[in-house]
1. Could you tell me which of rounded, prolate or oblate describes the stretch 130-182, using a ≥ b ≥ c as the square roots of the eigenvalues of the alpha-carbon gyration tensor, with rounded for a/c under 1.5 and, failing that, prolate when a/b is larger than b/c and oblate otherwise?
2. Between 0 and 90 degrees, rounded to the nearest ten: what's the tilt of helix 126-139 against the longest Cα principal axis of the chain?
3. Modelled label-to-label distance, residue 147 and residue 165, 7 Å Cα→beta-carbon offset: nm?
4. Dividing the Cα convex hull volume of the chain by residue count, how many Å³ per residue is that?
5. Above 28 angstrom, tally the Cα pairs of the stretch 1-153 and express them as a % of all pairs, no decimals.
6. Measure nothing but the geometry: give the 0 to 90° angle between the long axis through the Cα atoms of 157-168 and the longest principal axis through the Cα atoms of the chain, rounded to 10°.
7. How long are the three semi-axes of the equivalent ellipsoid of the stretch 102-233, in whole Å, if each is the root of 5 times an eigenvalue of the C-alpha gyration tensor, listed from largest down?
8. What is the gain in length, in nm to one decimal, between residue 18 and residue 105 on full extension, counting 0.36 nm per residue of separation less the C-alpha to C-alpha distance?
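What follows draws every value from the coordinates through simple rules; no lab data is involved. Only a predicted model underlies this, so the values are computations on that prediction, with no experimental measurement involved. Methodologically, a virtual Cβ is constructed for each residue, glycine included, from the backbone with ideal geometry; neighbour enumeration extends over all protein chains shown.
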């Protein structure tokens, strides 16, 4: 009989290999951000930290200027991405939870028809509707604006579906008890439904923040001014089209900086995120 201590050894081994495979590129980026561009370009970068760490990060944040790059301060890109991710996450949650509450608790004509329309948009990725969306933003004069960067991405059929399914699990007895106590729809939403959904909100916030932070195609189309670009767009433009004289040290420093906000969000909200996926407050 296999000892208990060795039963899970294959699983742990597979997980350890997976962690190494996922973490090694991040480790290379971290190490590369501490060396000069010449060392990396020659293919002689060791796997230990170098002496250029402070200089590379300060340069990336404040100027992003190297042998090839005539850059733009990465701190501007980080700020744009942070504002965009927060606006998209909060906007999606607010719109989704209000629409889901209306569909779950109000009885009005064509209620399920509108819900079906919302549900059908799950089959339409942003690439399908990006041309008409861009046309609308252009006609409204919202190109190179924060509103143009965020508003088209705020509607979320996924969030509406998830919150609607959650609200449907609230017992009818709780709804009736609130009515007997004199709670109207807004009071019930604010005092009962919203607190019950807080773990779901936290879990969805983590997912939507990362979704907003990693946006590439829409910011690429709607921004032409460098001061409005996000960190993803900024890194891609740093890389250019060729590898000759590429300032990989600045690119890797910028990449590490781009990793920090989503990683911090996941770490800080990890407990709430897990609760939102596997538990409810009812």
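1. Values: a/c = 5.24, a/b = 3.12, b/c = 1.68.
Here the stretch 130-182 falls in the prolate category.
2. Relative to the chain, helix 126-139 is tipped by roughly 90 degrees.
3. 3.5 nm
4. Details: hull volume 57.9 nm³, N = 282.
Looking at the chain, the number lands at 205 Å³ per residue.
5. Values: 6662 of 11628 pairs.
For the stretch 1-153, the share of Cα pairs beyond 28 Å comes to 57 percent.
6. Value to nearest ten degrees: 40.
7. Numbers: eigenvalues 253, 58, 36 Å².
Semi-axes (√(5λ), whole Å): 36, 17, 13.
8. On the way: separation 87, 0.36 × 87 = 31.32 nm, distance 4.45 nm.
Answer, rounded to one decimal: 26.9 nm.
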